[in-house]
Each structure stands twice: as structure tokens, then as C-alpha cells.
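Every read-out reported here was derived from the displayed coordinates using simple, explicitly stated rules and does not represent laboratory data. Just so you know, these numbers come straight off a predicted model, no measurement behind them. Because the Cβ atoms are built from the backbone with ideal geometry, glycine has one as well, and the counts that use them run over all protein chains shown.
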Amino acid sequence: MDFLKPRLLPMNRRRTIYEGKGKILYEGPEPGTLIQRFKDDATAFNAKKHEIIEGKGVLNNRISEYLFQNLNDIGVPTHFIRRLNMREQLIREVEIIPLEVVVRNIAAGSLATRLGIEEGTQLPRSIIEFYYKNDALNDPLVSEEHITAFGWAAPQEIDDIMALAIRVNDFLTGLFLGVGIRLVDFKIECGRLWEGETMRIVVADEISPDSCRLWDTKSNDKMDKDRFRRDMGGLIEAYTEVARRLGVMQEGETARAGAPKLVK
Ligand code: UDP
């Protein structure tokens, strides 16, 4: 009954719901769905630094698909439904909670700077932080007090978000360790998914080397967006290696345009 499946509209006839720095959201083929498209844009420092890195969107789409599918499979709810093509995935429409939820296992980045801890120091336990998603304010660090006082999320929702974040961290830490990668820290976003009268919090957005710090366990080489932030080069090579280790790219497959092996 293939002809009964909703068809995807051609790109130029789709309604854009939202365009961000790295992704575009289009109206989906059915109510309650959206199409999430991964662009090749790399941005850092609140978009003050911007480059196009050919193939990055393809890699993030694949890696994020793999991680979200695994989370779905172990019962961690996410917005992910399925990948549609090289750059796009079908997702459930959720109401995004305006917080960046960061989980840290090892000191790096802004935590290392803010608290004067040497990068690479193992933290006494995993730490969860919240940042208020607001570009004009540079995504400031906020506490649960701010979140509840300003109504960004209810206390019960914060509990749910923290429980989700810990499950994601435990799962991803093990998954990456199995392929020789240390999960230093990562960011997730959460959304409210309405199913009739009931609402639950699910993991949304993406999980990719753009939103994680990933260090090779042996060499400590960075395999994430810090290569772009810190002008180290080799970003595509590093993301390709993450994809290869996770088993989501075949040997010889490349994410760059014109590569003969990429048919889908
Ligand atoms: N992160 C992200 N988006 C942001 C800010 C941070 O995905 O807008 C991720 C980042 O890749 C890292 C973690 O969250 O894995 C912690 O980032 P940190 O607070 O150290 O910020 P940064 O050093 O990137 O400014």
C-alpha cells in the first residue's frame, strides 16, 4: 500500500517552521510531525564565527539518527521517528523548553574556565547545568530558581528533565566508551510531547559531535566541534571517524558531495 503513504512535498513547496544556525524545520507530512534538515553551517561563539563545512550536516544527521534510535530502543523517549534521506529526518512536533541542558563528566570548556579547573579533570560526579536559550543574552547559565520563577519549566518538569539527562548520559557514556571515545560533556534540549490529554518530556533537537565533547580514549584527540571552535582543522575527518566507530558509515563511504557510494 505504498501509494497510501504521505508523500514528501518538493523542497520549494514546503512550509518552513523555523530556521536555526545549523538546522531547518519544515512542516511534516502528517499533523504532529516535522522534518528536521541538517545544514553544513558551523557556528560558534553565538554565531560570531561562521563557516560552511561541506558534509557536516550529512554526518550529524546519521550520527544523531543512530543515537536517538538507540535511546528510543532502550525506552528513553525522544522526538525522533526516522531518517528520511542524507540530510533530513522525520520528527515529532514538540514544544521546546527554552533550556540547554548540559551534562558534564570531565571538566572542559566553559566549566573549566568559569571555575578554574584544568581541562581533562574527572569531575567527582556528573554535573547537570541549565542555560537559558536566548541568543541576545548569550545563553546565560541559570538555576532551577530562575527556571521555575520565570515559568520556563515546572518543578516536576525539571525533575523529569534531570532524570532523562542522567539516563542519556549513562547510556551514551557506555556506548562511546565501547568504541574508544570518552564522553566529556554534551548538551540536550527537551520538549513537551502532547498525546491527547497527557504530556511527557522527551529528548529533542540533536545529539552529534556538534553538541558533545568526544575525546579519543587513547590519544585524547578531540573528535568534536572544538576542532572548529579552536581552529584545529580536521573536523570532517574527526566526525567521519566517530560515525565509522559507531558503525553508521560504511568503509569507504564519505559525506562529501559527489561521492559515488552515497546513494541515499
Ligand atoms: N553546547 C552546545 N551548544 C551550545 C553550548 C554548548 O551544544 O550552545 C555543548 C558543547 O558542545 C559542549 C557542552 O555543551 O559539549 C558544554 O559546553 P560549554 O558550556 O563548555 O560551552 P563552550 O565551551 O562550548 O562555550
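Some notes on this structure:
- Under a 5 Å amide H cut-off, with hydrogens placed 1.01 Å from N, Ile106 pairs with Leu123 among residues at least 5 apart or on other chains.
- Listing Lys56, Lys222 from fewest to most neighbouring C-beta atoms within 10 Å gives Lys222, Lys56.
- Backbone HN-Hα couplings from phi across the range 210-226 [Karplus 6.51/-1.76/1.60, Hz, Gly and Pro as x]: 6, 10, 10, 9, 10, 10, 4, 5, 7, 8, 6, 4, 7, 10, 8, 5, 4
- Taking the charge dipole of the range 1-153 about its Cα centre, with +1 at Lys and Arg Cβ atoms and -1 at Asp and Glu Cβ atoms, the residue from Ala153, Val142, His79 reaching farthest to the positive side is His79.
- Highest mobility in the GNM of the chain, judged by mean-square fluctuation with C-alpha springs under 10 Å and restricted to Leu172, Leu111, Leu90, is found for Leu111.
- Taken over the C-alpha atoms, the range 80-163 has Rg and Dmax values of 15.9, 44 angstrom.
- Convex hull volume of the range 149-188 per residue (C-alpha atoms, cubic angstrom): 60 Å³
- Think of each Lys and Arg Cβ as +1 and each Asp and Glu Cβ as -1; about the Cα centre, that makes the dipole of the range 104-259 roughly 440 debye.
- Neighbour-count order for Phe80, Phe150, Phe171, fewest beta carbons within 10 angstrom listed first: Phe150, Phe171, Phe80
- When all alpha carbon pairs of the range 16-160 are counted in 5 Å bins from zero, the resulting P(r) reads 2, 8, 13, 16, 19, 21, 14, 6, 1, 0 %.
- Proportion of all alpha-carbon pairs of the range 42-90 beyond 18 Å (%): 44 percent
- Expressed as a fraction of 2.2 N^0.38 Å, the value expected for a compact globular protein of N residues, the C-alpha radius of gyration of the chain is 1.00.
- Top of Ile96, Ile117, Ile161 by mean-square fluctuation, Gaussian network on the chain, Cα under 10 Å: Ile117
- Total charge dipole magnitude, the chain, about the Cα centre, Cβ charges on Lys, Arg, Asp, Glu only, Debye to nearest 20: 860 debye
- Orientation-averaged projected area, Cα convex hull of the range 18-65 (nm²): 3.9 nm²
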